[in-house]
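None of the figures in this text is laboratory data; all of them are computed from the coordinates on show. Keep in mind the model is a prediction, meaning the values are calculated, not measured. As a convention, Cβ positions derive from the backbone with ideal geometry for all residues, glycine included, and neighbour counts pool all protein chains shown.
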Amino acid sequence: MDDAERERGPWHRNLIVLWFCTFVAGMAFSEIMPFLSLFVSQLGDFTKAQVTFYSGLAFAADYAISAISAPLWGIIADKKGRKIMLLRASFGMAVAMGLMGLVTNVWQLIALRALQGVFAGFISNAQALVASQAPRKYSGRALSTLITGAVSGQLFGPVIGGFLAQLFSIRNTFFITAGLLLVAFLLSLFFVQEHFKPVEHHRNPGDSRNPLAAFQNPRLIIMMLCSTAIVQFGNASIAPIISLYVRELMHYKGPITVVAGIIAALPGISNIFSAPRLGRYGDHHGSGKVLLFGYIFAVIMYFPQGIVTSVVALGILRFAIGISDGALYPEIQTVLTKNTPVNLTSTIFSYNQSFQAIGNMLGALLGGLVAGWFNYNAVFIMTALLLLINLVLILWLVPGIWKTGDRVAS
């Protein structure tokens, strides 16, 4: 599909509908995520180390299974279409979330988190659908705008979930989450349009069986996928301990779930405003420049979070992290889109989701372990160091990306 066909297609309408759907999905997930560790602590008489370990395991179970299943769903999406994947993901996860509200021990919770991972991929498939339909000259702006849907949903989710947990119980948020995912299912079913035409692949006897052979710059693709894992590792390592860190900074007094929800939501506020603007800048001046800014800013903002002594200071720094997320997530995906053949769009986004899941899994596990071995502040310092290493590796292995960030020569 060339740009003229894309201009005439339903990409703009789909972008609007999927923005709202990813907003709903983001809100559904984030309603419970900041308090999952507190929920784990209610499922048994655990020590501090046990709570952080089981919390990390509960977070990781979803992503471990998702890392395996995502590439398989991506291959099916490239053959059958992306809309059916949106329906599969939203309905399946709604069922899994609803069942989580009925668990009576931590192992049931972990098992259902793993089941959720089988059906994961709503947001990544929405991104793949928009990337496959939007004109290339608008791809950075379209993907950045779409990501603000998920992020703004994640902004409201923790605050709403925090008040629900305070007024009723954390369990109620699971049932609300299931309902919101059913809303995303219905919106996708009736309002998203996709005129999907599968691309026929005719393999010649001399064709390479290397899955990276179709890409002009395989090293760039591998580096961007690994960057997705590392960036997500940073955020996932924080998620299992953020509410526990807030509880410690508040000296175990006050409306902890409400404050934890607000702290968890703060990066979303800055992300909403920064991501579209950074996306437009990347379209005009090169995605690589935005990536460079995002990494440097993230490293600078993560280090102080490990030494704060008040929730106010933590909140300010978490707010700033949203700006770096607005630079990193969309631009990594934009670079992948601009360096990927159209017929492999869902495949590369599914691999990106798989690497994101790997980052989530390892981040949740190691974040919980590091917090148990040392303290909560060590997790933030570890994240800053990993992002710094990631930056150095990109500068070394793919130096041309900083010139334009679009089609980078091998």
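When averaged across all projection directions, what area in nm² does the alpha-carbon convex hull of segment 32-78 cover?
Working: hull surface 16.0 nm².
One quarter of the hull surface, i.e. the mean projection, equals 4.0 nm².
Taking 0.36 nm per residue of sequence separation and subtracting the Cα-Cα distance, how much length would be gained by fully extending the chain between THR104 and ILE84, in nm to one decimal? Before the final figure, lay out each step's value.
On the way: separation 20, 0.36 × 20 = 7.20 nm, distance 3.34 nm.
Using 0.36 nm per residue and subtracting the Cα-Cα distance, I get 3.9 nm.
What FRET efficiency comes out for ILE76 versus ILE316 if R0 is 35 angstrom and r is the Cβ-Cβ distance? Round to the nearest 0.05.
Values: r = 44 Å, r/R0 = 1.25.
Result of the calculation: an efficiency of 0.20.
Under a 10 Å cutoff between Cα atoms, tell me which one of LEU365, LEU109, LEU249 has the largest fluctuation in the Gaussian network model of the chain.
For the chain, modelled as a Gaussian network with Cα springs under 10 Å, the answer is LEU249.
Which Rg and Dmax, in Å, describe the Cα atoms of segment 49-121?
13.6, 46
Using only Cα atoms, tell me the angle between helix 11-30 and the longest principal axis of the chain; keep it within 0 to 90° and round to the nearest 10.
Between helix and principal axis, roughly 20 degrees.
Anyone know which of LEU18, LEU391, LEU146 comes out most mobile in the 10 Å Cα GNM of the chain?
LEU391
Restricting everything to alpha-carbon atoms, can you work out Rg to Rh for segment 1-124 with a Kirkwood hydrodynamic radius?
Values: Rg = 17.6 Å, Rh = 16.2 Å.
Ratio of gyration radius to Kirkwood radius for segment 1-124: 1.09.
Equivalent-ellipsoid semi-axes (√(5λ), Cα gyration tensor) for segment 327-375, whole Å, largest first? Provide the component values of the computation, followed by the final result.
Working: eigenvalues 193, 27, 4 Å².
Calculated on Cα positions only, the semi-axes equal 31, 12, 5 Å.
Going by a ≥ b ≥ c, the root eigenvalues of the Cα gyration tensor, does segment 295-381 fall in the rounded group (a/c under 1.5), the prolate group (a/b larger than b/c) or the oblate group? Before the final figure, lay out each step's value.
Working: a/c = 3.85, a/b = 1.78, b/c = 2.16.
Because a/c hits 1.5 or more and a/b fails to exceed b/c, segment 295-381 counts as oblate.
Please order TYR63, TYR54 by the number of other Cβ within 10 Å, starting at the fewest.
Working: TYR63 29, TYR54 23.
Exposure proxy ranking, most exposed first: TYR54, TYR63.
Using Cα atoms only, what is the angle between the long axis of helix 83-100 and the major principal axis of the chain, expressed in degrees (0 to 90) to the nearest 10?
Result, in degrees: 10.
With the cut-off at 17 Å, report for segment 60-174 the share of all Cα pairs above it, as a whole percent. Please report the intermediate quantities before stating the final value.
On the way: 4224 of 6555 pairs.
Result: 64 percent of Cα pairs exceed 17 Å.
Placing one identical point scatterer on every Cα of segment 249-308 and ignoring solvent, what is log10 I(q)/I(0) from the Debye formula at q = 0.17, 0.22 Å⁻¹?
Treating every Cα as an identical point scatterer, log10 I(q)/I(0) equals -0.75, -0.98.
Can you tell me the orientation of helix 106-118 relative to the chain, as the angle in degrees between its alpha-carbon axis and the longest Cα principal axis, to the nearest 10?
Orientation of helix 106-118: about 10 degrees from the principal axis.
Quick one: how many lysine pairs in the chain have C-alpha atoms under 30 angstrom apart, if they're 8 or more apart or on different chains?
So the count works out to 18.
With runs of 4+ DSSP H residues as the only contributors, calculate the mean residue ellipticity of the chain at 222 nm using -39,500 (n - 2.57) per run, divided by the residue total and rounded to the nearest 500. Intermediate values should be presented prior to the final figure.
Working: 16 runs with 317 residues, N = 410.
Calculated from helices alone, the mean residue ellipticity at 222 nm is -26500 deg cm²/dmol.
Using the Cα centre as the reference, give the magnitude of the dipole from point charges on the C-beta atoms of segment 66-145 (Lys, Arg: +1; Asp, Glu: -1; all else neutral), rounded to the nearest 20 debye. Provide the component values of the computation, followed by the final result.
Values: 9 positive and 1 negative charges, 80 e Å.
With only Lys, Arg, Asp and Glu charged at Cβ, the dipole is about 380 debye.
Along the Cα→Cβ direction, 7 angstrom out, place labels at ASP45 and PHE168. What is the inter-label distance in nm?
Each label point lies 7 Å from its Cα, and together they span 3.0 nm.
Which one, GLN42, GLN353, GLN116, has the greatest fluctuation when you compute a Gaussian network model over the chain with C-alpha springs under 10 angstrom?
Checking each option, the largest mean-square fluctuation is seen for GLN42.
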